[in-house]
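Following: one structure in structure tokens, then a few remarks.
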Amino acid sequence: MSTKRLLQGWRWYGPNDSVSLQDVKQAGASVIVNALHHIPHGEVWPLETILERKAYIEKAGLTWGVVESLPVHEVIKTRSRGYEQYIKNYKASLVNLAKAGVKTVCYNFMPVLDWTRTQLDYTLENGAKALYFNFIDLAIFDIYVLKRSGAESEYPKEVFNQAAKKAKGLSSNELDELAKVILMGIPNEKNIELEDLRKNIDVYKNIDKQGLRENLKLFLEDIAQVCQEHGIKMTIHPDDPPYPILGLPRIAGNMEDFKYILNAVDMPFNGVCFCTGSLSAGKDNDIPALLEEVKERVYFAHLRAVKKDDMGNFYEADHLDGDVDMYRVVEILSKENQNRAESIVFRPDHGHQLLDDLHKVSNPGYSAIGRLKGLAEIRGLELGVIRNANPS
Ligand code: DNO
């Protein structure tokens, strides 16, 4: 019996993406990871629009295999007044997606902000650019721009002192730029405003980690029947970074969190988008051990790696050269894949800006050549893993 390969995915932001579907084909990916970013969070995704997008992708000879993301509205995350309507809408979107045959859905349960970085053009030694997260810059934003009450005392003394010193030397333009990066949302979606962030942080004052976990559990219970009936696989994306920031609770960052999530609603639809990059920013995360624990519920994977310093600051490293044992990760995924009726989709997550990328505009983290490099390295690694498991 031949060994089944993982499916190579590629995040594509829709017809306006500067990386075209033709580019994706040349990179060698076959599964498109896409969302209807133009539809405001919380509204129903109409079947017709889904089918149109699907046809567009298929015309290019590719398939739409994963939705990333069907966003969970803040009203659901906070279980605030009116959440029932948002749940209804979410379920309606899921049914429409299932009717169109797109059944793997990625989402996150991060309060207010999706992934957070403090710099988008960190220059590496070889001149390529990477995304970067620095605690001192985060503290500057938190204390001097957002002016969150109590923020000062939440950072270690060392971070606070360095932030205070650095902030003095920053112009208002530089502070604005920092705020822009931290508040940056998903391309083509509505950006988060400073005011929204402040308001939302207030709402979360009454929702601690346990409260947010509970809200996730209730959300999963609400959608369970629809998912089971329609064969939908929900995959939760880890928090990025995988620990609390800006005083907001986080519930998907480590082994204990994922055990909780999978047990909370112990049904096959309740799965994980295993993002090695997000998880590797957590200093105590043993990524292969975590994958071993959750692998049966992994329906989608983001493969990349970060490198951290002692303070926990991190930049996005080469896909095979960060704080992740990528050989083990691919080995576990590939082995698990042999048990599956449908192969697991992975995508090279993020990429450096390199070569021609440096002269083009692309969505942060989503340049063509940087990701092509990551994809090519990972598919080579998979081949090596498979050959190692089945020496001829
Ligand atoms: C960043 C992405 C995330 C991810 C969402 C899933 O590059 O991995 O924005 O799509 O968190 O809901």
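Kindly indicate whether Glu174 is open to solvent by 40 Å² or more (accessible area, probe 1.4 Å) and without any contact (Cβ under 8 Å) to a residue 24 or more places away in the chain.
So Glu174 fits the description; yes.
How many residues does region 44-76 hold that are away from the ligand (no atom under 16 Å from the Cβ), outside any helix (DSSP H, G or I) and under 18 Å from Ser20 (Cβ atoms)?
Residues in region 44-76 being away from the ligand (no atom under 16 Å from the Cβ), outside any helix (DSSP H, G or I) and under 18 Å from Ser20 (Cβ atoms): 4 in total.
May I ask you to verify whether Pro40 is open to solvent by 50 Å² or more (accessible area, probe 1.4 Å) and within 21 Å of the chain's Cα centre (by Cα)?
For Pro40, the condition - open to solvent by 50 Å² or more (accessible area, probe 1.4 Å) and within 21 Å of the chain's Cα centre (by Cα) - is met.
So that you can scan it fast, the table gives a plain yes or no per residue for (1) within 22 Å of the chain's Cα centre (by Cα); (2) polar (S, T, N, Q); (3) closer than 21 Å to Lys190 by Cβ; (4) surrounded by fewer than 20 Cβ atoms within 10 Å (Cβ to Cβ):
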{"position": "Lys59", "(1), (2), (3), (4)": "no, no, no, yes"}
{"position": "Val66", "(1), (2), (3), (4)": "yes, no, no, no"}
{"position": "His73", "(1), (2), (3), (4)": "yes, no, yes, yes"}
{"position": "Thr78", "(1), (2), (3), (4)": "yes, yes, yes, yes"}
{"position": "Glu84", "(1), (2), (3), (4)": "no, no, no, yes"}
{"position": "Val95", "(1), (2), (3), (4)": "no, no, no, yes"}
{"position": "Trp115", "(1), (2), (3), (4)": "yes, no, yes, no"}
{"position": "Thr118", "(1), (2), (3), (4)": "yes, yes, no, no"}
{"position": "Leu124", "(1), (2), (3), (4)": "no, no, no, yes"}
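For Ala179, work out the one condition from (1) within 23 Å of Tyr122 (Cα to Cα); (2) exposed (fewer than 14 other Cβ atoms within 10 Å of the Cβ); (3) within 24 Å of the chain's Cα centre (by Cα) it doesn't fulfil.
Unmet for Ala179, out of (1) within 23 Å of Tyr122 (Cα to Cα); (2) exposed (fewer than 14 other Cβ atoms within 10 Å of the Cβ); (3) within 24 Å of the chain's Cα centre (by Cα): (2).
Against the definition (more than 30 Å from Ser343 (Cα to Cα), modelled with pLDDT of 95 or more and open to solvent by 20 Å² or more (accessible area, probe 1.4 Å)), how does Gln228 come out, yes or no?
Answer is no for this residue.
I need every pair where a residue in region 140-163 that is closer than 18 Å to Ile201 by Cβ and without any contact (Cβ under 8 Å) to a residue 40 or more places away in the chain has its Cβ under 6 Å from the Cβ of a residue that is assigned to a helix (DSSP H, G or I) and of a type in the set (D, E, K, R), sequence separation at least 6 or different chains.
Ile143/Glu152
Could you check region 231-254 and list, in sequence order, the residues that are farther than 25 Å from Asp284 by Cα and open to solvent by less than 10 Å² (accessible area, probe 1.4 Å)?
Ile232, Met234, listed by residue number.
State whether one or more residues within region 361-370 are surrounded by fewer than 21 Cβ atoms within 10 Å (Cβ to Cβ) and among the aromatic types (Phe, Trp, Tyr).
No: region 361-370 contains no residue that is surrounded by fewer than 21 Cβ atoms within 10 Å (Cβ to Cβ) and among the aromatic types (Phe, Trp, Tyr).
Condition check ((1) open to solvent by 10 Å² or more (accessible area, probe 1.4 Å); (2) in contact (Cβ under 8 Å) with a residue 60 or more places away in the chain) across all residues:
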| position | (1), (2) |
| --- | --- |
| Glu256 | yes, no |
| Ile261 | no, no |
| Phe314 | no, yes |
| Val324 | yes, no |
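Residue-by-condition table, conditions (1) buried (at least 23 other Cβ atoms within 10 Å of the Cβ); (2) in contact (Cβ under 8 Å) with a residue 40 or more places away in the chain; (3) within 16 Å of the ligand (Cβ to nearest atom):
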{"site": "Arg304", "(1), (2), (3)": "yes, yes, yes"}
{"site": "Lys308", "(1), (2), (3)": "no, no, no"}
{"site": "His319", "(1), (2), (3)": "yes, yes, yes"}
{"site": "Glu331", "(1), (2), (3)": "no, yes, no"}
{"site": "Asp349", "(1), (2), (3)": "yes, yes, yes"}
{"site": "Gln353", "(1), (2), (3)": "yes, yes, yes"}
{"site": "Leu358", "(1), (2), (3)": "no, yes, no"}
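How many residues are in a loop (DSSP other than H, G, I, E, B), within 16 Å of the ligand (Cβ to nearest atom) and not acidic (Asp, Glu) if we restrict to region 1-17?
The number of residues fulfilling the criteria is 3.
Of all residues in region 184-215, which are over 15 Å from Arg79 (Cβ atoms), in contact (Cβ under 8 Å) with a residue 24 or more places away in the chain and open to solvent by 30 Å² or more (accessible area, probe 1.4 Å)?
Met184, Asn188, Glu189, Lys190, Ile192, Leu194, Asp196, Arg198
Collect the residues in region 7-30 that are open to solvent by less than 10 Å² (accessible area, probe 1.4 Å) and farther than 17 Å from His350 by Cβ, keeping them in residue-number order.
Scanning region 7-30 gives a single hit, Gly14.
The values are calculated or read from the model by the stated rules, or taken from the named source; none is laboratory data. Computed from a predicted structure; not experimentally measured. All Cβ positions, glycine included, derive from the backbone under ideal geometry; neighbour counts span all protein chains shown. All accessible areas refer to the heavy atoms of the entire protein, side chains included, with ligands and DNA or RNA removed. Shrake-Rupley method; radii C 1.70, N 1.55, O 1.52, S 1.80 Å.
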